[in-house]
Amino acid sequence: MRRYVLLAAAAPILAVTAAVSVPGCAEEFENICVFLQDPNSCYQKFHAEADARCGARGKDSGPIGNFASRETLDVCFLEQGGQVVFDPPLDLAAFPLQSIKFTRLDSLAKECGTFTYSGEFTYSVTINPCSDTSTDTELARCTDRGEDGTGTDSVDGGTLTLTTPEGRDTLDVTCAGSTPDAGAASSHHFNRIDIAECAKESQDNLLPKAEIESSPGHQPPPDEQIAEDNHNFDGFVKFRILHPKAAATISSGSIAEPDVVEYFNCRIPPPSPLCFNGQKDGLETDVDCGGELCDAKCGDGKSCVSDGDCALGGECVIENGLSICKIP
């Protein structure tokens, strides 16, 4: 079924009652409910084919990785092998992130897929084809297998692109095969508001979308040593896609939960603790010394507020209008 919506602002009542479609002023929409619930649609075929390649099924189940340093956020090294390469590198000043572009590499540094994201309804996913007949699960060329070794070893791949112009409720979906003989690209134009025709409740579960979570991390307390397994202060970035069920049906007034594929959970080292970060911050009277939190006292010529800020029994005196430590 196709829908026609008049975009002319004048005479809205007349437009509704007469339903006149003026050439050049009408916008044609497909039925989004039929498309998303059709197991043979290009969207559902892509989802079934790509499955969890390059990632893992379930929210907060994405492969865990780490950045080598807080200053350079271009490559996340995954603990089970593989990398996430961000281009451009992530910028902590831009957190929480609104857009990213990255490439997923497997444990053999072979490109698994590429991704771009600039909104929950504006993203692109390209999954590269692979055919791994090896029985050696350590290779894991075609999937990031879980601990049970399960995964898909033959993937045709392709590209799925969703686009929603800023300030609009339209949704454009384009599917393309990975090779010229995989079939022509398929493009579809929808109005997201029409999803209300599918169900009155849980409509969000019927819309395909992507999510990104990010945090720059938190500064640890003024302790020099932080336990290696203590990730309470880490920053992070996670990326996932929510795929509506192909055969979504209304059950007790709700829609089945979507399939979630999470592609990574990359940890960012936390900021250095107060009193050890090479900066004058917090309650410090000078760089990494003085104040009520730092154990380190300030040396000769360093800024102070009271004698207690100075090392070796020094005094806090005023010289040239500045309060500094004088060490005997």
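The values are calculated or read from the model by the stated rules, or taken from the named source; none is laboratory data. Note that this is a predicted model, so its numbers are computed, not measured. We place every Cβ from the backbone using ideal geometry, glycine too, and count neighbours over all the protein chains shown. With ligands, DNA and RNA removed, areas are computed over all heavy atoms of the protein, side chains included. Shrake-Rupley method; radii C 1.70, N 1.55, O 1.52, S 1.80 Å.
Considering every residue within the range 297-304, establish whether at least one is open to solvent by 70 Å² or more (accessible area, probe 1.4 Å) and out of contact with any helix residue (DSSP H, G or I) (no Cβ under 7 Å at 6 or more places or on another chain).
The initial filter retains those residues of the range 297-304 that are open to solvent by 70 Å² or more (accessible area, probe 1.4 Å), namely 297, 300, 302.
Imposing the further condition that a residue be out of contact with any helix residue (DSSP H, G or I) (no Cβ under 7 Å at 6 or more places or on another chain) reduces the set to 300, 302.
The answer is yes; a qualifying residue exists.
Would you check if Asp153 is of a type in the set (Asp, Glu), modelled with pLDDT under 90, open to solvent by 30 Å² or more (accessible area, probe 1.4 Å) and under 22 Å from the mean Cα position of the chain (by Cα)? Full working, then the answer.
Values: of a type in the set (Asp, Glu): yes; modelled with pLDDT under 90: yes; open to solvent by 30 Å² or more (accessible area, probe 1.4 Å): yes; under 22 Å from the mean Cα position of the chain (by Cα): no.
No: the conditions fail for Asp153.
Tell me, yes or no, whether the range 235-245 has at least one residue that is in a loop (DSSP other than H, G, I, E, B), loosely packed, with under 14 Cβ neighbours inside 10 Å and modelled with pLDDT under 90. Spell out how you get there, then give the answer.
Of all residues in the range 235-245, those in a loop (DSSP other than H, G, I, E, B) come to 244-245.
In the following step, the residues that additionally are loosely packed, with under 14 Cβ neighbours inside 10 Å were identified as none.
No, that holds for no residue.
Quick one: how many residues across the range 93-116 are buried (at least 20 other Cβ atoms within 10 Å of the Cβ) and β-branched (Val, Ile, Thr)?
Counting residues in the range 93-116 that are buried (at least 20 other Cβ atoms within 10 Å of the Cβ) and β-branched (Val, Ile, Thr) gives 1.
State all residues of the range 46-79 that are within 25 Å of Leu160 (Cβ to Cβ), surrounded by fewer than 17 Cβ atoms within 10 Å (Cβ to Cβ) and not aliphatic (A, V, I, L, M); if no residue qualifies, say none.
Arg57, Gly58, Lys59, Asp60, Ser61
Could you tell me whether any residue of the range 122-132 is at pLDDT below 60 and farther than 30 Å from Gly167 by Cβ? Break it down into steps so the answer makes sense when it comes.
We begin by selecting, within the range 122-132, every residue at pLDDT below 60; these are 132.
Filter again for farther than 30 Å from Gly167 by Cβ, leaving 132.
Yes, the range 122-132 has at least one match.
Quick test of your reading of the structure: Val287 fulfils all but one of (1) over 29 Å from the mean Cα position of the chain (by Cα); (2) at pLDDT below 85; (3) β-branched (Val, Ile, Thr). Name the failing condition by number.
Checking Val287 against (1) over 29 Å from the mean Cα position of the chain (by Cα); (2) at pLDDT below 85; (3) β-branched (Val, Ile, Thr), the one that fails is (2).
Could you tell me whether any residue of the range 263-273 is open to solvent by 40 Å² or more (accessible area, probe 1.4 Å), hydroxyl-bearing (Ser, Thr, Tyr) and closer than 30 Å to Leu105 by Cβ?
yes
Residue pairs, Cβ under 8 Å, 6 or more apart or interchain, first in the range 86-106 and more than 19 Å from Ala68 (Cβ to Cβ), second of a type in the set (Phe, Trp, Tyr). List them.
From residues that are more than 19 Å from Ala68 (Cβ to Cβ), the pairs are Ser99/Tyr117; Lys101/Phe86; Lys101/Phe115; Lys101/Tyr117.
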